[in-house]
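Here the structure is laid out as structure tokens; the discussion comes afterwards.
The values are calculated or read from the model by the stated rules, or taken from the named source; none is laboratory data. This is a predicted model, so every value here is computed, not measured. Using ideal geometry, Cβ is built from the backbone for each residue, glycine included, and neighbour counts are taken over all protein chains shown.
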Amino acid sequence: MAVLSDFLAAVNQIAAERGIEPDDVMEAVKEAIRTGYKNNYDTGESLIIDIDEDKGKVLVYADKKIVKKVTNQATQISLKEARMIEPKLKVGDHVQVDVTPEGDFGRIAVQAAKQVILQKIREVEKEAVMKEFKDKVGTVESGIIQRMDGDNVIVEIYKAQAIMPAEERLPGEFYKSGARLKFLLKKIHRTVKGKQLIVSRADPKFLEELFALEVPEIRSGSVEIKAIAREAGSRSKVAVVSNQEGVDPIGACVGQKGIRIDNITDELKGEKIDIILWDEDTGTFIANSLSPAQAEKISIDKDENIAKVTVPDDQLSLAIGKDGQNVRLAAKLTEWKIDIRGKEEAKKEKQEILQQAQDKEGKKTMKKAKKVKKTEKKTKAKEKKALRQAQGTTAKKKAAKKKASASKKEKILRQTQDKKTVKEVKENKKTKKAAKKAPAKKAKEETK
């Protein structure tokens with residue numbers, strides 16, 4: 001009993017030292033005893049470990065099914081044996097059977113499963129730490145570099161072990177074991193080994209939280225960070241605005257003699273930071289975002305989400321930046337596509353556009369003239385056709401009239417000829433008749 005009582009006292013001590021609940025430690029111990037029992041005795045899956053703190057005993061119970069004929073001692077029990085435990089039991093019921101080995105099993109089991117207990121305690125401790133960090137995700141905390149694990153950096157933060165993956169590191173930054181740095185508690189990631197705290201120094205949120213730590217006006221809300229564009233380890237742009245009259249947002253972030261911005265730059269190992277005045281007017285905000293270059297003219301195309309910016313020729317390279325970094329960060333900050341050109345280039349482009357417009361207008365005029373000419377040609381052709389048709393119609397009418405007249409004359413002539421012929425026929429008939437009558441008349445006269 002004394003051994004187990006000492007063990008329970010040790011459990012309470014471990015819980016106090018690790019900052020976890022004694023019940024969690026006790027559950028880890030029970031799991032260790034369960035594992036130790038299964039490794040040394042033939043048993044089924046269902047084991048119940050009971051630690052009697054008052055009596056100082058470890059008891060092991062196996063859940064067994066009551067059957068008529070036992071075929072598996074580890075999981076089955078006969079009805080006769082079961083009723084010795086509980087008289088009202090019947091076949092098919094389950095009963096918890098005391099299978100605690102004889103002797104000082106508790107001490108032996110715990111010693112045999114020492115590593116399991118330590119592992120379980122570490123898991124419980126880690127879970128407790130993760131619970132503590134759950135409400136701190138998104139904030140900045142100091143941590144100590146432990147070691148490198150491949151491309152990952154292992155960091156200790158408040159007894160918790162965190163990982164900084166390669167993509168969350170500052171490019172070119174060297175991480176020396178034991179060095180103390182600030183980290184953004186980015187997220188708690190669940191893995192097959194449990195929950196894992198992920199930290200970052202490259203996330204834009206890290207820069208925002210550093211400003212909140214250094215600039216009281218940001219913490220109070222009188223100055224607000226509206227947007228951040230960052231290329232970690234190289235350069236960043238931060239757009240700020242004042243929510244309180246009389247407060248200079250850029251001056252507040254820079255600090256007296258630049259002490260505030262210098263502290264942030266030092267923490268980021270020399271990363272350059274441009275503080276930009278945010279403006280609700282898109283054109284003004286885009287012009288400010290190109291700082292330190294000065295924009296002369298900005299034209300906004302809302303349909304294409306493009307801003308065309310004209311800058312003095314001597315500031316063109318400054319506006320674009322090394323490898324296009326300045327304009328790239330400005331575009332990311334404003335969420336607009338930015339097209340930059342020098343004043344002379346813009347002038348030439350304007351002249352080209354004007355010339356193109358004139359050429360287009362000239363082509364349009366020529367096209368219109370050709371169209372008019374073509375129309376006139378078609379009109380003349382139609383008129384000629386109509387004239388020919390009209391002339392043809394007149395000629396046809398005249399021919400028809402002439403033909404009708406000739407026909408009429410011919411008809412009259414035929415009628416005249418027909419009348420003449422009839423008259424001649426009649427006269428011939430009359431002459432013939434008279435000729436026939438003449439001999440008879442002569443004879444008659446001679447008779448007389």
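Quick check on Gly233: is it touching a Gly at 6+ places or on another chain (Cβ under 7 Å) and outside any strand (DSSP E or B)? Criteria met by Gly233.
Within this structure, Gly283 fails the test of being in a loop (DSSP other than H, G, I, E, B) and without any contact (Cβ under 8 Å) to a residue 40 or more places away in the chain. The residues of segment 217-252 that are within 19 Å of Thr139 (Cα to Cα), in contact (Cβ under 8 Å) with a residue 24 or more places away in the chain and over 32 Å from the mean Cα position of the chain (by Cα) amount to a single one, Glu217. Output the residue which, of all residues in segment 286-299 that are out of contact with any Ser or Thr (no Cβ under 8 Å at 6 or more places or on another chain) and part of a helix (DSSP H, G or I), is surrounded by the most Cβ atoms within 10 Å (Cβ to Cβ). The residue in question is Ala287. Taking Ile145 as the residue in question, decide whether it is in contact (Cβ under 8 Å) with a residue 40 or more places away in the chain, under 24 Å from Arg122 (Cα atoms) and of a type in the set (Val, Ile, Thr). So Ile145 fails the test. Considering every residue within segment 354-370, establish whether at least one is hydroxyl-bearing (Ser, Thr, Tyr), in a helix (DSSP H, G or I) and at pLDDT 90 or above. Checked segment 354-370: no residue is hydroxyl-bearing (Ser, Thr, Tyr), in a helix (DSSP H, G or I) and at pLDDT 90 or above.
Listed by position, the strands (runs of 3 or more DSSP E) contained in segment 112-180 that have at least 1 residues being acidic (Asp, Glu), at pLDDT 90 or above and out of contact with any Asp or Glu (no Cβ under 8 Å at 6 or more places or on another chain) are 140-149, 152-157. Looking at Phe211, Phe206, just one residue is touching a Leu at 6+ places or on another chain (Cβ under 7 Å), part of a helix (DSSP H, G or I) and not charged (D, E, K, R), and that residue is Phe206. Looking at the structure I just gave you, is Glu304 assigned to a loop (DSSP other than H, G, I, E, B), within 28 Å of the chain's Cα centre (by Cα), farther than 21 Å from Phe211 by Cα and free of Cβ contacts under 8 Å to residues at least 24 places away in the same chain? No. Across segment 309-316, not a single residue is classified as in the same structural domain as Ile218 (by TED's automatic domain parsing), surrounded by fewer than 13 Cβ atoms within 10 Å (Cβ to Cβ) and under 30 Å from Gly172 (Cα atoms).
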